[in-house]
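**Student:** Can you read through this structure? Questions will come right after.
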Amino acid sequence: MFPMPVMILFQHGDTLTFSIIDRRLHKRDTTKDVLQKVTLIKDIRLENPHRAHVEILEDLALHNYDVSNFVELHNAWQKTLDTKELNKRFFQELANWYFWAVENVTFPAGEEKDEDIRNATNVIRLITRLMFVWFLKEKGLVSDKLFNEKYLKTILRFKDDSAFYKAILQNLFFATLNSEMGKRKFIAESNGGKNSQHFVHNVFRYQREFIKAEETIKELFEPIPFLNGGLFECLDKETEVDGTKCRVRVDGFSDHPKNVLEIPDELFFGSEREIELNEIYGTKNKKYKVRGLINILNSYKFTITENTPIEEEIALDPELLGKVFENLLANFNPETKTTARKQTGSFYTPREIVNYMVDESLLAYLKAKLQTETQGFAGFVAFGENQPTMFGNEARIQQKFEMPVSNNRWHGKDESLETALRNLFSYTEDKHDFNETETEILIKAIDNCKILDPACGSGAFPMGILHRLVHLLGKLDKNNEKWREWQRLKAIKDTEEAYKIGDHKEREDRLLEINDVFENNASDYGRKLFLIENCIYGVDIQPIAIQIAKLRFFISLIVDQKASAETRTSVSVPSSALTDVRASANNARASANNLGIRPLPNLETKFVAANTLIGLETNGGLKPNGVTELEKQLKEVRAKHFGARTRKTKEKYRTEDKKIRSQIAELLKQGGINETSADLITDWNPYDQNASAKWFDAEWMFGIEKGFDIVIGNPPYFIMTKQSMNSIVLNSYLKNYDSIKNSSSKNLFILFIENAIRLLNKSGVNSFIVPEGLFKTRSYSDCVELLNKKGSVFNITEIEGMIFENATTGNVVYLFSRDSKMASKVYFFDSDFQIAEKSFEKQSYLEKMDVTKENSMVHLKDIAMLFKGMVVNDRKNSIFENRSGKNKDKFLLGNCISKWTINKNFYADYESLNIIGGTKSKLKHDIQPRILIRRTGNSLCCAYLEEKALTESTLYSCWSIQNEISNKYLLGIFHSKLFDNYVKKTIVTNEQAFPQLLMTDLELLPIPKAADAQQTEIAEIVDEIIEAKKQNPNADTGKLECKIDALVYQLYGLTDEEIRIVEGKA
């Protein structure tokens, strides 16, 4: 066996699949190999191949490569077939189109009066819906003809320049995919009075735009299955304001002459052209091209199946929806001309990181379940000496001590259990190492697991969770026998009360529903549906993100459904579950009448738009009488709504939901709970797709009372200031979150960490990807202290390089457990996402620099003052290179200094500066002499300032406040090799992107209490160096610096071996 790639060609009918298989030797068993990745170009039509396939194959042609063997060719092909490049090209085209579209569309004013924001939101929603339909087309559920411009000219009159969007897309969205097959029709003609169907949205409109309306509907729209799911619900709605009913148009689905909706046909079918986008992208004189959206989509190959860690098709998969939203099409901010993604600090997490975090979180959860779940009593075991006669123990005298033991074979075998679980998680191993009882424990644990992403964006982590749990269930229960039986037993338990009082129908319906799920769909469908219903939850502050997250789940369910036009009239149901065979047949016919496609579930109470960080104010959790029963009813109503298929049924449960919420709120008010909180519960409508709640509560929104087993995600990174945030929200955060009250860096992600701890149950696991400074700088020490107080961080994984495009910070992944006190292990992700445990050499000299252990040292803040320079608005027009007129105040930036010296000056008029942050006081800036410390960089770069000067925020200022300690002594220590080593190892933050030093860390630098003679010796050498640099900035002062190094080593008491380590000579 040797490490050799493999290429395989498959022909199936009139299509060809080209696969490149990457493998390596098994590290422990050299007779085996490990499958690393399979790259596929699937379903290449031998006749009339897709344009994208032709281009890919042309790129793989041998004449493009200078290679001498197959391994070299394989490596070259892998680079060519990198889906990241494919996705990036698509993103850029779509982004250009988006910015073109928002300037050329008109939507009804609706609830959003700002036209720019309204257009941005609606265009994103348009893209979301259309791309979902494109994936349906890929599955063969929607006809290609609907997107063929030449064909459309034979069925549409094109009287309206928005004919395609209105007559085709709106009718497809609202009157087809959201309307049951066999019940579709055009809106009734008005007879002079008010049309009874005026605000009914699941009937066709724009009849006059069709040449042969009824024939077209029958041929192109009627064969499309009803999908449900809420994605295609028209957002035009009737509402009530101050007791007056009114109608709000959002989508503008109306053929009334006064309908303002305009989505020009050229946005879909327009030929390529140049447009001006330099201002949006922040570029100059660059040419940008756009073309119609349908033309863009037609030029790429799509696949409905999301790629996995080991199988990747060279096509655009549903994950790109998330990337489109979070990387390119985030809601445009008309005020700052930036995207909301940057404004909110949200970034799309790479699939490799998502998979790793998902796996490690689930592994920790399942490991705990297997170790703690009782598997039976195995008796007693004797140990130790014979028992003595004491404490009334005469009856057992001379008997051995005994202790009860369990037959759980994993007790005390952490490593063996972890190995077995990793084997279960493996994509390449078919078998697993668990017995029947353990398998049932794992399946039960999976079904009972409650997982939340509190900033889910477009659903990367929830989808990662779903894929992994489906994979685990597939290995544990290949034929779904146990999973199906477990769902059946739960249904029986959930309907027990109704059954006892003679209502057998609810139980029968539930059992028949379960039977239909498993009998008439691919095996993964039943796994996915019940995992989505029972286990996975998401919250995001942006409603459009929630819509895209739900869309990805819809696609995932559709891919495993079997479309068929054949009518099935019978199904096989366990006899114990049946009391009405006719009901079973009717249920089967219902699916058959929809081409065998089950309508999608309603996910409004699984994914909600809300501010996760603001909770409800209650009276400490005490509930008035009657609330618990109403909560139970609300949970049942939402469970029924999840599976509701018809518009009428959904409305019924939504009305019940609102009624129960109102009753709960009234009882809460009577019980003394904050009236505002009670009203928030009443007013929160989970079914309003445009709304985002200003609060979040897992109990009221999801019915989760005891916390989540896993909280996972990528929280936003955002520095909170009075200028950047709503003051009411900021004050709420400062009031309710201890981790930022005293923090010098009030970053939003800290709040998500503290909130995650609150959201977990008593043994829950939290995993976030956060800025790498969390565990390295003092800025977040309160947050780290909270993590250590509430549990323990048992995994820290550092990441090489930058994983987020255009980000300004590096990242680290951590795993935290509420129920764990084990030591933390540190791992390292390289640029290829290969992981290894990080080893550390014990460096005793660092302990000698620990102020808490050494009485001979003090923190810098105890002997010196420090301040950060000022932040000036419009610096470009406020600071000048030459002194003239009013601009007489010397002004220094970070790039004005180098080691030891100041090499450049700028000038400004202090009175004219618009100072918006940092240190404003002129008195402080006038202090001299002082040491300047550059904020950026991965080492200390300091200079000696001997005159008055204003400094910018990229410089810190430092000076001694004790007469017995000189500034030049401090400067000498700062520039020693030992300090350079110490700073790099302990306080440099954001190393991967924009290395910098934080003042809170500088304040804690360990300074020796040196004798006067020692200080004088160092200060005199510093004088020599400064003088030499004044004479010649390029002067070689290496020998003088070596003298300082030797003196500093003595001050800290380093041994010869420790000095060799510092100097890299060990």
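The values are calculated or read from the model by the stated rules, or taken from the named source; none is laboratory data. In this text the structure is predicted, and so the values were computed from the model without any measurement. Here the Cβ is made from the backbone with ideal geometry for all residues, glycine too, and neighbour counts use every protein chain on show.
**Student:** Where in the range 702-786 are the helices (runs of 4 or more DSSP H), entirely inside, with at least 1 residues that are at pLDDT 90 or above, of a type in the set (A, V, I, L, M, F, W, C) and touching a helix residue (DSSP H, G or I) at 6+ places or on another chain (Cβ under 7 Å)?
**Tutor:** The helices (runs of 4 or more DSSP H) meeting that bar are 748-759.
**Student:** Within the range 61-111, track down each residue that is of a type in the set (Gly, Ala, Ser) and closer than 30 Å to Tyr165 by Cβ.
**Tutor:** Answer for the range 61-111, where residues must be of a type in the set (Gly, Ala, Ser) and closer than 30 Å to Tyr165 by Cβ: Ala95, Ala101, Ala109, Gly110.
**Student:** Next up: Does the range 395-448 hold any residues that are at pLDDT 80 or above and of a type in the set (S, T, N, Q), and which are they?
**Tutor:** Scanning the range 395-448 gives Ser416, Thr419, Asn423, Ser426, Asn435, Thr437, Thr439, Asn448.
**Student:** List the number of the failed condition for Gly457; all other conditions in (1) surrounded by fewer than 24 Cβ atoms within 10 Å (Cβ to Cβ); (2) assigned to a loop (DSSP other than H, G, I, E, B) hold.
**Tutor:** Single failed check for Gly457: (1).
**Student:** Turning to a different aspect of this structure: Can you tell me which residue among Gln1015, Gln1031 is more than 17 Å from Ser939 (Cβ to Cβ), of a type outside the set (Val, Ile, Thr) and surrounded by fewer than 18 Cβ atoms within 10 Å (Cβ to Cβ)?
**Tutor:** Only one candidate qualifies: Gln1031.
**Student:** Ser739: under 16 Å from Asn714 (Cβ atoms) and surrounded by 21 or more Cβ atoms within 10 Å (Cβ to Cβ), yes or no?
**Tutor:** Spelling it out, it is not the case that Ser739 is under 16 Å from Asn714 (Cβ atoms) and surrounded by 21 or more Cβ atoms within 10 Å (Cβ to Cβ).
**Student:** Let me ask something else about it. Taking the range 495-533 on its own, how many of its residues are closer than 27 Å to His467 by Cβ and of a type in the set (D, E, K, R)?
**Tutor:** Adding up the residues that qualify gives 8.
**Student:** Ok, one more. Would you mind stating whether Val133 is among the aliphatic types (A, V, I, L, M), out of contact with any strand residue (DSSP E or B) (no Cβ under 8 Å at 6 or more places or on another chain), crowded, with 17+ Cβ neighbours inside 10 Å and not in a helix (DSSP H, G or I)?
**Tutor:** No; evaluated as a whole, the condition is false for this residue.
**Student:** Looking at Leu473, Leu466, Leu424, which one is surrounded by 24 or more Cβ atoms within 10 Å (Cβ to Cβ), out of contact with any strand residue (DSSP E or B) (no Cβ under 8 Å at 6 or more places or on another chain) and in the same structural domain as Ser523 (by TED's automatic domain parsing)?
**Tutor:** Going through Leu473, Leu466, Leu424 in turn, just one is surrounded by 24 or more Cβ atoms within 10 Å (Cβ to Cβ), out of contact with any strand residue (DSSP E or B) (no Cβ under 8 Å at 6 or more places or on another chain) and in the same structural domain as Ser523 (by TED's automatic domain parsing): Leu473.
**Student:** Any residue at all in the range 801-808 that is surrounded by fewer than 21 Cβ atoms within 10 Å (Cβ to Cβ), acidic (Asp, Glu), within 18 Å of Ile353 (Cα to Cα) and in contact with a Ser or Thr (Cβ under 7 Å, 6 or more places away or on another chain)?
**Tutor:** no
**Student:** Which residues, counting only those in the range 93-126, are in a loop (DSSP other than H, G, I, E, B) and either more than 16 Å from Arg291 (Cβ to Cβ) or in contact with a Leu (Cβ under 8 Å, 6 or more places away or on another chain) (or both)?
**Tutor:** Answer for the range 93-126, where residues must be in a loop (DSSP other than H, G, I, E, B) and either more than 16 Å from Arg291 (Cβ to Cβ) or in contact with a Leu (Cβ under 8 Å, 6 or more places away or on another chain) (or both): Val102, Asn104, Val105, Phe107, Pro108, Ala109, Gly110, Glu111, Glu112, Lys113, Asp114.
**Student:** Yes or no: Thr308 under 30 Å from Leu277 (Cα atoms), at pLDDT below 85 and either of a type outside the set (A, V, I, L, M, F, W, C) or surrounded by 19 or more Cβ atoms within 10 Å (Cβ to Cβ) (or both)?
**Tutor:** Judged against the criteria, Thr308 is not a match.
**Student:** Okay, moving on. In the range 338-379, what count of residues is obtained for those that are modelled with pLDDT of 85 or more, touching a helix residue (DSSP H, G or I) at 6+ places or on another chain (Cβ under 8 Å) and not basic (Lys, Arg)?
**Tutor:** Count: 11.
**Student:** Could you check the range 1034-1056 and list, in sequence order, the residues that are surrounded by 12 or more Cβ atoms within 10 Å (Cβ to Cβ) and acidic (Asp, Glu)?
**Tutor:** Glu1041, Asp1045
To keep it simple, each residue is scored yes or no on (1) within 30 Å of Arg598 (Cβ to Cβ); (2) outside any loop (DSSP other than H, G, I, E, B); (3) assigned by TED's automatic domain parsing to the domain that holds Leu595; (4) touching a helix residue (DSSP H, G or I) at 6+ places or on another chain (Cβ under 8 Å).
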{"site": "Thr216", "(1), (2), (3), (4)": "yes, yes, no, no"}
{"site": "Glu219", "(1), (2), (3), (4)": "yes, yes, no, no"}
{"site": "Cys234", "(1), (2), (3), (4)": "yes, no, no, yes"}
{"site": "Cys246", "(1), (2), (3), (4)": "no, yes, no, no"}
{"site": "Asp251", "(1), (2), (3), (4)": "yes, no, no, yes"}
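**Student:** Determine whether Thr1000 is surrounded by fewer than 20 Cβ atoms within 10 Å (Cβ to Cβ) and within 25 Å of Phe867 (Cβ to Cβ).
**Tutor:** The answer is yes for Thr1000.
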